[in-house]
Structure formats: C-alpha cells, structure tokens
Amino acid sequence: MPGNERQVSCHCTVNTGYSAGQEPCQDVKQTSEGQEIRSRYYPVKSYAVCANDRPWAWCLDKPCIIDKNNPEAAACTCDAVKNLGDYVIVTSADRPGTCTTGVISSATVEQITQVTHYLQTRTKLLAPFNIKVLNGANSAGKSDAASR
C-alpha cells in the first residue's frame, strides 16, 4: 500500500460455506466504506509450494470490503510478510512465475497443513478437499503432482 510497506491490498473472492480462522466467525458488518467481512481460510483443491524470500500477504482474519458492483469480490487489507518458511500459492496449474510474480495472499505449508488436518479430524461435514500439491517441495516451476 502506498506509504505503508507493512501492508498490502489484496483482491479476494467471497465464498459461501464453511471456513476456518484464528478468530470466531463474524457476521457481515456495515461500515462507511461498505460491507465488511473477514478473510478466512476456505478449503483449496490445489496449490504450488514456493521456497523463496519473496513477500506475500497474510490475510487470515483481516478486514475486507465487499465490492459494491460485484458481491463475489472483496478488497482486503493484509500484512506483508516474508521469510516464514515455504508458502503456498493457490492455483490450478504451476506455471513459470508462479512463485516469483506479484504479491499474493498465502500461508505457510505448515499452516495450511495444520488447518486441513484440523478440519479433517473434526467432522465429515467440514471435510476439506484432497489437496493436490502441484510442484512438491520445489519452486522452480516443475510439476511433480502429488496428493495430500
């Protein structure tokens, strides 16, 4: 964000269904900027693993304003982080530049593994997808398709 290197603005999708966060789920809140929701983990189907020092956005439980013209989109204010270990890029295909282009909302591999395990052990109603890891532990753009 201009003038603030510790935060980034992310464009996120608004999903309906179960989710997980570190804070309790909150109802939509009306603000002067519009409808505010919180960014939460929504189960993913696939991701690429990145192992570099590129900054990424930590958006879990951060405020997001729903786009007035598109209720399936929101702008979130997230923390810029880096050097927390291997992190994931949620994508359906690992392409050159996946791990080196732009700043994207993410989590570490350890964090996404922990929340997926949590959901898998709670109830069958909250079972996440079987996650396909597109590039294993490398971040060079090779596709070693593995499932978790």
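Details
- Output for the stretch 72-90, where each listed residue is touching a residue at least 40 places away in the same chain (Cβ under 8 Å) and either in contact with a Leu (Cβ under 7 Å, 6 or more places away or on another chain) or exposed (fewer than 12 other Cβ atoms within 10 Å of the Cβ) (or both): 72
- Applying the condition of being within 10 Å of residue 47 (Cα to Cα) and not in a loop (DSSP other than H, G, I, E, B) to the stretch 131-148 and asking which residue is modelled with the highest pLDDT yields 133.
- Among strands (runs of 3 or more DSSP E) entirely within the stretch 3-103, having at least 2 residues that are of a type in the set (Phe, Trp, Tyr) singles out 56-58.
- Among (1) in a helix (DSSP H, G or I); (2) closer than 19 Å to residue 13 by Cβ; (3) modelled with pLDDT under 85 - the single one residue 128 does not satisfy: (1)
- Condition check for residue 14: of a type in the set (A, V, I, L, M), closer than 17 Å to residue 104 by Cα and at pLDDT below 95: yes
- Selected residue [more than 25 Å from residue 4 (Cβ to Cβ) and charged (D, E, K, R)] from 61, 53, 27: 27
The values are calculated or read from the model by the stated rules, or taken from the named source; none is laboratory data. Since the structure is predicted, the reported quantities are computational estimates derived from the model, not experimental observations. Glycine gets a Cβ as well: all are built from the backbone with ideal geometry, and neighbour counts include every protein chain shown.
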